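Trainee: I'd like to ask some things about the structure below.
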Amino acid sequence: MKTSQDGEKRYDVVVVGGGAAGLSGALTLGRARRSVVVVDAGEPRNAPAEGVHGYLGREGVDPRELLAAGRAEVRRYGGVFRDASAVAVERCDDGGFRIALDDGGAVHGRRLLVTAGLVDELPEVPGLAALWGKDVLHCPYCHGWEVRDQPVGVLATGPLAVRQALLWRQWSEDVTYFRHTAPEPDEEQYEQLAARGIGVVEGEVAAVETAAGGRLSGVRLAGGTTVPCRALAVAPRFTARVGFLAPLGLEPVEQESNGHVIGSALAVDASGATAVPGVWAAGNAVQLMEQVVGVAAAGARTAAAVNADLVAEETRRAVAARRGPFSPESERAVCERVLGARRHGL
Ligand SMILES: Cc1cc2nc3c(=O)[nH]c(=O)nc-3n(C[C@H](O)[C@H](O)[C@H](O)COP(=O)(O)OP(=O)(O)OC[C@H]3O[C@@H](n4cnc5c(N)ncnc54)[C@H](O)[C@@H]3O)c2cc1C
């Protein structure tokens, strides 16, 4: 364990991840007069998309523009940024955290707010990854309007694919279900697809084809037939980007939607606290399906919980100081009491 006696500034809070969740958290903390550093690798999940849709007040804004505006707002309240990746974290003697960065540096914080988002693991079909976020899509609430009334394919890779096809049918009457590697629909599901006019194409998809200009033109089946479509809906596996927390013993756990595993995320309580005292998390790292407006809200809410925790610690310290002469020993004793109480859920 290390202390922060090595000359590095000790922030109240280190936020790892400068997407909507992290920036929103940092803004709340800055306005709560907390010193905050945001460590950000600069690869938000929606970077390939042309706009952020469904974000009230900024509908369709360029994803980078939204984050640039967020950074400026955080700076206005004293927040600072480190453009780097967190690679490991360790607990310090003082109860805080030292976060090692990939640029060789490190940052210290009394608390850690993890908002590092997730990785979309795409189905392995040639040509598919290059169109991700443009014509290969996952969320109809994000992109459905933009491809409304156009031919939409659904690449089925798991048991939730029929649900996904029925959902996309809300945006287009021309939906094709490519069974690909998904289990065969049951009788009821076949009936639902037929009733909604969704064609089912059996067999594996061999490649995604593009037209001039690099836009999606269709889906080629293993047998050689090409079925035209303008958009292809897929279901990535979502994995929270939290490998750097492993030294603390924090690992993502499987998360389900409609009874099926969709990926893995950090487990938190209602306040956003993880099982490790002092470490909070919010955004896609916690809620795999959440959109930008939802992660921004979660970031702000969780930041308020972090601030409340700091206030509680400061109050305990003040009471201890009032009761007796301040000494490093008494500070350490307070720290241990606080951490012990939290470990026991008090
Ligand atoms: C293609 C696509 C289009 C989308 N379109 C929309 C849309 O139109 N509307 C909508 O509401 N939602 C949309 N979404 C969902 C949206 O992207 C997420 O809801 C949102 O980005 C989650 O925000 P976040 O802050 O949790 O994570 P992110 O936005 O992913 O931000 C996490 C940040 O943390 C950084 N990071 C990761 N690991 C580390 C590390 N170890 N150290 C330092 N930094 C790290 C990343 O580089 C990134 O900058 C879309 C998603 C995709 C994939």
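Trainee: Within region 1-85, which trypsin sites (Lys or Arg not before Pro) sit in a loop by DSSP and count at most 16 neighbouring Cβ atoms inside 10 Å? If you can, show how the numbers build up before the last one.
Mentor: Values: sites: K2, K9, R10, R31, R33, R34, R45, R58, R64, R71, R75, R76, R82; in loops: K9, R33, R34, R45, R58.
Those satisfying the criteria are K9, R33, R58.
Trainee: Follow-up. When DSSP beta bridges are limited to those with both residues in region 171-300, what percentage is antiparallel, rounded to the nearest 5?
Mentor: Details: 14 of 19 bridges.
Of all bridge pairs located within region 171-300, approximately 75 percent are antiparallel.
Trainee: Return the carbon/sulfur percentage of the accessible area of the chain, one whole number, probe 1.4 Å, all protein chains in place. Walk me through the intermediate numbers first.
Mentor: Values: 8500 of 16490 Å².
Carbon and sulfur: 52 percent of the exposed surface of the chain.
Trainee: Another question about this same structure. Please give me, ordered by residue number, the trypsin sites (Lys or Arg not before Pro) of region 211-283 that lie in loop per DSSP and have at most 15 other Cβ atoms within 10 Å.
Mentor: Details: sites: R215, R220, R230, R237, R241; in loops: R215, R230, R241.
In loop regions of region 211-283 (DSSP not H, G, I, E or B), the sparsely surrounded trypsin sites (Lys or Arg not before Pro) are R215.
Trainee: If you average 1/r over all unlike Cα pairs in region 1-120 and invert the result, what Kirkwood radius do you get in angstrom?
Mentor: Values: mean 1/r = 0.0676 Å⁻¹.
Computed over Cα pairs of region 1-120, the Kirkwood hydrodynamic radius comes out at 14.8 Å.
Trainee: Provide the per residue accessible area, probe 1.4 Å, for the chain, rounded to a whole number of square angstrom.
Mentor: Values: 16490 Å² over 346 residues.
Accessible area per residue, the chain: 48 Å².
Trainee: Compute the length gained on full extension between M289 and V119: take 0.36 nm times their separation in residues and subtract their Cα-Cα distance, giving the result in nm to one decimal. Provide the component values of the computation, followed by the final result.
Mentor: Values: separation 170, 0.36 × 170 = 61.20 nm, distance 1.20 nm.
Going from the current span to full extension adds 60.0 nm.
Trainee: Another question, if that's okay. Calculate, in whole percent, how much of the Cα-Cα pair population of region 126-169 lies beyond 18 Å. Mind dumping the intermediate values first?
Mentor: Values: 247 of 946 pairs.
Summing the P(r) tail past 18 Å for region 126-169 gives 26 percent.
Trainee: Which three semi-axes in whole Å describe the equivalent ellipsoid of the chain, each the square root of 5 times a Cα gyration tensor eigenvalue, listed largest first? Kindly include the intermediate steps, with their values, before the conclusion.
Mentor: On the way: eigenvalues 419, 78, 57 Å².
So the equivalent ellipsoid measures 46, 20, 17 Å along its semi-axes.
Trainee: For the pair R301 and E202, how long in nm is the line joining their label points, each one 7 Å along Cα→Cβ?
Mentor: It works out to 4.6 nm between the two label points.
Trainee: Comparing T181, T302, T115, which has the greatest mean-square fluctuation in the GNM of the chain with Cα pairs linked when under 10 Å apart?
Mentor: Of the options given, T181 has the highest mean-square fluctuation.
Trainee: Full-extension gain between R215 and R316, please, as 0.36 nm times their residue separation minus the C-alpha to C-alpha distance. Present the calculation step by step, with values, prior to reporting the outcome.
Mentor: Values: separation 101, 0.36 × 101 = 36.36 nm, distance 6.02 nm.
Going from the current span to full extension adds 30.3 nm.
Trainee: Out of region 63-151, which GluC sites (Glu not before Pro) are coil in DSSP terms and have no more than 10 other C-beta atoms within 10 Å? If you can, show how the numbers build up before the last one.
Mentor: Details: sites: E65, E73, E90, E121, E124, E146; in loops: E124.
In loop regions of region 63-151 (DSSP not H, G, I, E or B), the sparsely surrounded GluC sites (Glu not before Pro) are E124.
Trainee: Using the Cα centre as the reference, give the magnitude of the dipole from point charges on the C-beta atoms of the chain (Lys, Arg: +1; Asp, Glu: -1; all else neutral), rounded to the nearest 20 debye. Before the final figure, lay out each step's value.
Mentor: On the way: 37 positive and 43 negative charges, 362 e Å.
Dipole of the chain, to the nearest 20 debye: 1740 debye.
Trainee: Take each complete run of DSSP H in the chain, measure how far its Cα atoms stretch along the helix's own axis, and keep only those covering 15 Å or more with mean Kyte-Doolittle hydropathy at least 0.0; list them. Please report the intermediate quantities before stating the final value.
Mentor: Details: long enough: 20-31 (16 Å, 0.80); 63-76 (20 Å, -0.70); 292-323 (47 Å, 0.37); 328-343 (22 Å, -0.81).
Qualifying helices: 20-31, 292-323.
The values are calculated or read from the model by the stated rules, or taken from the named source; none is laboratory data. Here the structure is a predicted model, which means the values were calculated and not measured. Positions of Cβ are backbone-derived with ideal geometry, glycine not excepted, and every protein chain shown enters the neighbour counts. Accessible surface is based on the protein model in full, side chains and every heavy atom, while ligands, DNA and RNA are left aside. Shrake-Rupley method; radii C 1.70, N 1.55, O 1.52, S 1.80 Å.
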